[in-house]
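Student: Handing you a structure now.
The values are calculated or read from the model by the stated rules, or taken from the named source; none is laboratory data. Model, not experiment: these values are computed from the prediction. Ideal geometry is used to build each Cβ from the backbone, glycine not excepted, and the neighbour counts take in all protein chains shown.
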Amino acid sequence: MSSSSSKEKKTVLIIGAGPAGLGAIEQFKRKGFEVVVYEARDVPGGLWNLDNPPRSSCEISFTADGRAIALSPLERSGLPAPVPSPLYPSVTANTPRDIMPYRSHPYPPHTIFLPTQETIRAYLHAYAAQYTESIRFGRVVTRVRWTDPEGGEGKGEGKVGRAGEPPEGHKRWTVEWAPAATKEPTPTPTPTTTVDQFDHIVIANGSDTRPHIPYLPGLWAWRGEVLHSRWYKEAGVFAGQTVLVVGNGPSGSDIARELGLLVVDQSKEAPRRVYQSIRSPPRTDSATGATGAQSSKESAATQSPSTSQTGRITLTNGQTLDDVDVIIFATSYYMRFEFLRGEDMPWGRWPVIKPPPPELVGSIEVDGGSRAYNLDEHQLFYYPDPSIAFLLLHAEAIPWPFSEVQARAAAYHWSAGGDLESGGHPGLEIKPFADEETDGHGVLVLGHPGEFIYTENLLRLIGEGGEEEVSADGKWGAWPGWKKEIRAAID
Ligand SMILES: Cc1cc2nc3c(=O)[nH]c(=O)nc-3n(C[C@H](O)[C@H](O)[C@H](O)COP(=O)(O)OP(=O)(O)OC[C@H]3O[C@@H](n4cnc5c(N)ncnc54)[C@H](O)[C@@H]3O)c2cc1C
Ligand SMILES: NC(=O)c1ccc[n+]([C@@H]2O[C@H](COP(=O)([O-])OP(=O)(O)OC[C@H]3O[C@@H](n4cnc5c(N)ncnc54)[C@H](OP(=O)(O)O)[C@@H]3O)[C@@H](O)[C@H]2O)c1
């Protein structure tokens, strides 16, 4: 028995109107779905909207076993609210204009080669304007679970999904959402939640959400200020201070370079000194480059520092630093799906997030992880019930056109049924991901040419994937060679 009559349009909820969620709207609409997007912010475009939380709102706490947790006061309050953006005003794209945007929506003419944050935000807002009627702003999804066989409000004990269908008149997924709290109210009111049901869910809630700070013995007793790069907004606020930047990804490189340039320029806003702790060689897209800033760096450790109560920081190359005022951890983020609760089905039985392994984080209870589990071989569909999909979990792929292809494949699959019973689109057979054991982010890293192998394969499985980027009959294929060359050059 179907959850909706054959004449009724199937409903899709997209969680998040960031670049991944926005790009998905078109893909589902063109396949005849009734699409709605719930977005916690009051604007589209996800993290490309700067919100500049002050440095003082980075609150660091430590767990009993000494792990640092960096959160804003609003996050600590537990109220449903948008996650602060990690962007800083000076950021420019590290993905060139010709390969960054959605496939059928290039940047406006004369856009500079590496667009600025403001150009990108404006592009996304203009793109979203055509779908405003589908987006509900200010709604935070707080819970997603299988619809209970008894009628939609219960615990969902496993009678649906692999084992069956929701009761007649109900849709497969029950969703709760609450209005977004925009600031920390005192006293805290209990937000009212609303319950809806959908046939399909697309999770596009973003990966750069929960700050990750590595475990460093003694950090809890260190006398200086600890920040995560999410709170870095401008170099000038570190005037006169000695700063240690940990990490050499795009965030760490940008921050170290901006601080270093102020030193080189002998600006009155310059920090007194800048150190950078580097564990691995830089990737091309995060290389510090010939800016002159390198010369202001005092050291490059081979791994993270460890700290002590005296204020001394010991680097793994044996060097000690006694003069650091601020450590900025540019050490990335955990992915997090706080609305997939362990007490609900199917997440309790087949979790998507498991705590990172002890060698990475010790015994800390981290409410996020560095990879997802129980997904299909494309790490797109949830294997126990492929009527739900996750966009853009992968790393080192050009994100927007990549997630657009993922959404296209999900729309094709679901338009042909798309659950285990109906089998979905012929060709796109849902198989489990081969590696459920390996911990860490590595299983999601694609790079070049991995991302093309992935997307072109996915397109072929849904009957597209020819040689032309967009064929005369509207099918999508491989990127043209000149775009691939640009991609290869930034890998
Ligand atoms: C500093 C920085 C620089 C970057 N530079 C580039 C670049 O140059 N080029 C590039 O292509 N990419 C870049 N990226 C990668 C960036 O992540 C992607 O461009 C893109 O923003 C990812 O889109 P997304 O929709 O997955 O996530 P996001 O942009 O994070 O959007 C997710 C959306 O989901 C909403 N949401 C989350 N949870 C809920 C919920 N429970 N209920 C309702 N709504 C929810 C959020 O409010 C948000 O609007 C950068 C990332 C960072 C951190
Ligand atoms: N447009 C831009 O220019 C721009 C700017 C900033 C961010 N971004 C994007 O934002 C996303 C996040 O970037 P990010 O730089 O914040 O994160 P990232 O790319 O994941 O880099 C994290 C850095 O932290 C280091 N690190 C992690 N754990 C560590 C530990 N225990 N000890 C020491 N070092 C550790 C990593 O070292 P290893 O390499 O050794 O793991 C790496 O250098 C990426 O998608 C990136 O492309 C883009």
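Student: State yes or no: is Gly16 farther than 21 Å from Pro89 by Cα and among the small types (Gly, Ala, Ser)?
Tutor: Judged against the criteria, Gly16 is a match.
Student: Evaluate the following for Ser308: is it of a type outside the set (D, E, K, R), modelled with pLDDT under 95 and away from ligand 2 (no atom under 16 Å from the Cβ)?
Tutor: Taking the combined requirement at face value, the residue satisfies it.
Matching residues to (1) part of a helix (DSSP H, G or I); (2) buried (at least 22 other Cβ atoms within 10 Å of the Cβ); (3) on the phi > 0 side of the Ramachandran plot:
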| residue | (1), (2), (3) |
| --- | --- |
| Gly21 | yes, yes, no |
| Val35 | no, yes, no |
| Pro44 | no, yes, no |
| Asn52 | no, no, yes |
| Ser56 | yes, no, no |
| Ala64 | no, no, no |
| Ala70 | no, no, no |
| Glu75 | yes, no, no |
| Leu79 | no, no, no |
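Quick grid of which residues meet (1) surrounded by fewer than 16 Cβ atoms within 10 Å (Cβ to Cβ); (2) farther than 21 Å from Val36 by Cα; (3) in contact with a Gly (Cβ under 6 Å, 6 or more places away or on another chain):
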| residue | (1), (2), (3) |
| --- | --- |
| Pro101 | no, yes, no |
| Pro109 | yes, yes, no |
| Glu118 | yes, yes, no |
| Ala126 | yes, no, no |
| Tyr131 | no, no, no |
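Student: Also: Within the stretch 20-64, can you find the residues that are in contact with a Gly (Cβ under 6 Å, 6 or more places away or on another chain) and not charged (D, E, K, R)?
Tutor: Val37, Gly46 - these are the residues of the stretch 20-64 that are in contact with a Gly (Cβ under 6 Å, 6 or more places away or on another chain) and not charged (D, E, K, R).
Student: Also, I was wondering about something else. Confirm whether Pro106 is assigned to a loop (DSSP other than H, G, I, E, B), out of contact with any His (no Cβ under 7 Å at 6 or more places or on another chain) and more than 16 Å from ligand 2 (Cβ to nearest atom).
Tutor: yes
Student: Going residue by residue through the stretch 95-103, is there one that turns out to be away from ligand 2 (no atom under 16 Å from the Cβ) and not in a loop (DSSP other than H, G, I, E, B)?
Tutor: no
Student: Do the conditions hold for Pro351, that is, is it closer than 29 Å to Gly206 by Cβ and modelled with pLDDT of 90 or more?
Tutor: Considered against the rule, which asks whether it is closer than 29 Å to Gly206 by Cβ and modelled with pLDDT of 90 or more, Pro351 comes out as yes.
Student: Please give the helices (runs of 4 or more DSSP H) falling wholly within the stretch 376-491 in which 2 or more residues are of a type in the set (Gly, Ala, Ser) and surrounded by fewer than 18 Cβ atoms within 10 Å (Cβ to Cβ).
Tutor: Helices (runs of 4 or more DSSP H) meeting the threshold: 447-461, 481-489.
Student: Further question: So Gly240 passes all but one of these: (1) surrounded by fewer than 18 Cβ atoms within 10 Å (Cβ to Cβ); (2) within 11 Å of ligand 2 (Cβ to nearest atom); (3) at positive phi. Which condition number does it fail?
Tutor: (2)
Student: I need the full set of residues from the stretch 82-94 which are part of a loop (DSSP other than H, G, I, E, B) and within 9 Å of ligand 1 (Cβ to nearest atom), in order please.
Tutor: Of everything in the stretch 82-94, those that are part of a loop (DSSP other than H, G, I, E, B) and within 9 Å of ligand 1 (Cβ to nearest atom) turn out to be Pro82, Val83, Ser85, Pro86, Leu87, Tyr88, Val91, Ala93, Asn94.
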